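Scroll down for the structure; my scribbles are underneath it.
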Amino acid sequence: MALKKINTVLTAAFILFILWFGAEFILSPETTAPGFGLPSWPSGDGGGFLIIKGIRDVVLALVLSILLVTGHRRALGWVLLVEALAAYGDMTTVLAHHGSAATAFGVHGLTATLMVVNGLLLMRETREVASAPAAPAPQPA
């Protein structure tokens, strides 16, 4: 399978996963939150922050979707690399708040690392295009 097809399938899988996870946090944060890895439910009106996390995830997926659909593959690679920071941030948050280390590393850390790999593969795929010299413009006769 060509690198471009592999990258497209991986990126589409990330988009669907992030959309699904974000939608779950928006629609039913009380059932989705325990899988995030934090040890306790937010107190008071803290449940609203879970919906904010869901909205963040949906927006991240939409940005990736737009770049994939419009064919901006090099930008897609860069955005995957940057968006991996959100997943690494989630991992760090879970660990800093004495949450499940297995979830922190196994869900958030693994997701972030796979996003980095996918981003680097996209950068590799587009390396030749980015480094190729532009064709000279035709001169009027």
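Just to be sure I understand the filter: pairs with C-beta atoms under 9 Å, separated by 6 or more residues or on different chains, first member in segment 80-103 and in a helix (DSSP H, G or I), second member surrounded by fewer than 17 Cβ atoms within 10 Å (Cβ to Cβ) and among the small types (Gly, Ala, Ser). Which pairs pass?
Close Cβ pairs (under 9 Å, with a partner that is surrounded by fewer than 17 Cβ atoms within 10 Å (Cβ to Cβ) and among the small types (Gly, Ala, Ser)) amount to Val94/Ala101; Leu95/Ala101; Thr103/Gly35.
Pick from Ile6, Ile66, Ile51: which is of a type in the set (A, V, I, L, M, F, W, C), closer than 19 Å to Val117 by Cα and out of contact with any Gly (no Cβ under 9 Å at 6 or more places or on another chain)? Give the steps one after another, and end with the answer.
On the way: Ile66 fails: closer than 19 Å to Val117 by Cα; Ile51 fails: closer than 19 Å to Val117 by Cα.
Step by step, each of Ile6, Ile66, Ile51 is checked, and only Ile6 is of a type in the set (A, V, I, L, M, F, W, C), closer than 19 Å to Val117 by Cα and out of contact with any Gly (no Cβ under 9 Å at 6 or more places or on another chain).
Given Leu114, Leu81, which one is within 12 Å of the chain's Cα centre (by Cα), open to solvent by less than 50 Å² (accessible area, probe 1.4 Å) and closer than 25 Å to Arg127 by Cβ? Write out each step before concluding.
Details: Leu114 fails: open to solvent by less than 50 Å² (accessible area, probe 1.4 Å).
None of the other options fit; the residue is Leu81.
Pick out the one residue from Leu60, Leu38 that is assigned to a helix (DSSP H, G or I) and in contact (Cβ under 8 Å) with a residue 40 or more places away in the chain. Step through it out loud before you land on a result.
Numbers: Leu38 fails: assigned to a helix (DSSP H, G or I).
Going through Leu60, Leu38 in turn, just one is assigned to a helix (DSSP H, G or I) and in contact (Cβ under 8 Å) with a residue 40 or more places away in the chain: Leu60.
If the requirement is being surrounded by 19 or more Cβ atoms within 10 Å (Cβ to Cβ) and over 20 Å from Lys5 (Cα atoms), which of these qualifies: Ala86, Ala96, Ala102, Ala33?
On the way: Ala86 fails: surrounded by 19 or more Cβ atoms within 10 Å (Cβ to Cβ); Ala96 fails: surrounded by 19 or more Cβ atoms within 10 Å (Cβ to Cβ); Ala102 fails: surrounded by 19 or more Cβ atoms within 10 Å (Cβ to Cβ).
Answer to the check: Ala33.
With the requirement that a residue be surrounded by 13 or more Cβ atoms within 10 Å (Cβ to Cβ) and of a type in the set (Gly, Ala, Ser), what does segment 36-56 give you?
Gly37, Gly47, Gly54
Which residues, counting only those in segment 7-30, are open to solvent by 40 Å² or more (accessible area, probe 1.4 Å) and not in a helix (DSSP H, G or I)?
Initial filter on segment 7-30 (open to solvent by 40 Å² or more (accessible area, probe 1.4 Å)): 8-10, 13, 16-17, 19-20, 24, 26-27, 30.
Passing the criteria: none in range.
Residues of segment 3-45 being modelled with pLDDT under 90 and closer than 17 Å to Leu120 by Cα, which ones?
Leu3
Against the definition (assigned to a helix (DSSP H, G or I) and within 17 Å of His108 (Cα to Cα)), how does Phe49 come out, yes or no? Before the answer, list the steps.
On the way: assigned to a helix (DSSP H, G or I): yes; within 17 Å of His108 (Cα to Cα): no.
It is false that Phe49 is assigned to a helix (DSSP H, G or I) and within 17 Å of His108 (Cα to Cα).
The values are calculated or read from the model by the stated rules, or taken from the named source; none is laboratory data. Predicted model, so just to flag it, every value in this text is computed and none were measured. So basically every Cβ, Gly included, is an ideal-geometry build from the backbone, and we count neighbours across all protein chains shown. Accessible surface is based on the protein model in full, side chains and every heavy atom, while ligands, DNA and RNA are left aside. Shrake-Rupley method; radii C 1.70, N 1.55, O 1.52, S 1.80 Å.
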